[in-house]
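Q: One structure, as structure tokens, below. Some questions next.
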Amino acid sequence: MTKTHQANGWKLRGGPAGLHLFNRTTGLNALIDEITVPASLYSRAPRQVSIALTNRCDLACAHCYAPKSRDALRFDIVTQWLAELDSLGAFGVGFGGGEPTLYPEFERLCQHVARETGLSVSFTTHGHHIDEGLAEGLSGSVNFVRVSMDGVGETYESIRRRSFPALLARLKHIRSICRFGVNVVINERTLPDLNEAAIVAEDAGACELLLLPQIPVSGVPGITPYILHGLRRWVDDYRGALKLCINEASAEGFPTCNPLIEERGLRAYAHIDAMGVLKHSSYAETGIPLGEGSLLPGLDQLAHDLAENDT
């Protein structure tokens, strides 16, 4: 089950939780947990891999953890890694950065992945470069878009240094590509805007709200216990239509549903930064340089290093 299995858009992988089926077109997941999969047949790639295509970004948000440089990955190396991940049982790739739409071959890359692999394609963006032309070029090749929107109105503009009405206009183009969600970094400035942010996102056609408690970076402190408590209360009180999500590192204390509880760590997720370093998360400071060869030895080495650190 380390090979790609596809029939009518479905892909199958085996792991400790059982047989997991995924359809990238609909986003539907199905877990057959009555079946015990031998460890020798576990899929060897994480379910999801995020790739920072470039560190370039034309915004300078204080809470951003991405390095500020012009590093970018080569197209041929990225496509080689993705072909390998596909064959090893990964379900999806999420492109980020930096700002992925500044990657010179971004549209071509998404089209290549959709055509040549069975991977689901998503990307995270500030949204301001997605016009009608780019939306048309990405339509049919991208399965999900995540739009960063920290607060609304003046709060958003003070953090992002971009026009909030301009973002709302871009959301109309993004909606024409595929399903999309909104990401909100949660801190003392954005928490008071969360009700309105959820309303704006729902009205714009989003289906998901991803809550990202701020992590400490470059002298900017992480979320305080008081704000985190306020976020938990907001989640408990929320009655809107959006699906609420939170990153795994901040999930403690929140009501979550994870049927794949046995498949955490590298079975669930890995990250490749814009310098070609494989990491267990996008926040990690160290990892395994991949070079231009296979990424499987890097996955094995990273798994070994993480296991040693846990002992």
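Q: At a 1.4 Å probe, what is the % contribution of carbon and sulfur to the accessible area of the chain?
A: 51 percent
Q: In whole angstrom, how far apart do the alpha carbon centroids of the range 5-64 and the range 240-257 sit?
A: Using only Cα atoms, the two centres lie 18 Å from each other.
Q: Also: With a 1.4 Å probe and all protein chains left in place, how much accessible area per residue does the chain have, in Å²?
A: Here the per-residue accessible area is 48 Å².
Q: Nearest 10 degrees is fine. How inclined is helix 225-237 to the longest principal axis of the chain, computing both from alpha carbons?
A: Roughly 80 degrees between the two axes.
Q: Ok, one more. Count the lysine pairs in the chain whose Cα atoms lie under 27 Å apart, taking only pairs 8 or more positions apart in sequence or on different chains.
A: Going through the chain pair by pair, I get 6.
Q: Any idea what angle helix 75-87 forms with the longest principal axis of the chain, computed on alpha-carbon atoms, 0 to 90 degrees, nearest 10?
A: 60 degrees
Q: Right, something else. Can you tell me how the range 172-275 classifies by the Cα gyration tensor, rounded, prolate or oblate, using a/c under 1.5 as the rounded cut?
A: Rounded.
Q: How much accessible area does Asp131 have with a 1.4 Å probe, in Å² rounded to the nearest 10?
A: For Asp131, solvent-accessible area is about 70 Å².
Q: Treating each Cα of the range 269-311 as an identical point scatterer and ignoring solvent, apply the Debye formula and state log10 I(q)/I(0) at q = 0.14, 0.28 Å⁻¹.
A: Treating every Cα as an identical point scatterer, log10 I(q)/I(0) equals -0.28, -1.03.
Q: Next question. If the only charges are +1 at each Lys and Arg Cβ and -1 at each Asp and Glu Cβ, what is the size of the charge dipole of the range 142-233 around the Cα centre, to the nearest 20 debye?
A: 280 debye
Q: Distance between Cα centroids, the range 127-182 to the range 191-220: provide it in whole Å.
A: So the two Cα centres are separated by 14 Å.
Q: Going by alpha carbons, how many degrees (0 to 90, nearest 10) lie between the helix axis of 106-116 and the longest principal axis of the chain?
A: 40 degrees
Q: Something else: About its Cα centre, how strong a charge dipole does the chain have in debye, to the nearest 20, once Lys and Arg get +1 and Asp and Glu get -1 at the Cβ?
A: 400 debye
Q: Farthest toward the dipole's positive end in the chain, which of Leu242, Ser43, Gly15, given Cβ charges of +1 (Lys, Arg) and -1 (Asp, Glu) about the Cα centre?
A: Ranked along the dipole, the leading option is Leu242.
Q: Follow-up. Give me the accessible area of Ile223, 1.4 Å probe, in Å² rounded to the nearest 10.
A: Using a 1.4 Å probe on the heavy atoms, I get roughly 40 Å².
The values are calculated or read from the model by the stated rules, or taken from the named source; none is laboratory data. For clarity, every value in this text was computed on a predicted model and none was experimentally measured. Every residue, glycine as well, gets a Cβ built from its backbone with ideal geometry; the counts of neighbours run over all protein chains shown. Just the protein is used for accessible areas: all its heavy atoms, side chains included, with ligands, DNA and RNA removed. Shrake-Rupley method; radii C 1.70, N 1.55, O 1.52, S 1.80 Å.
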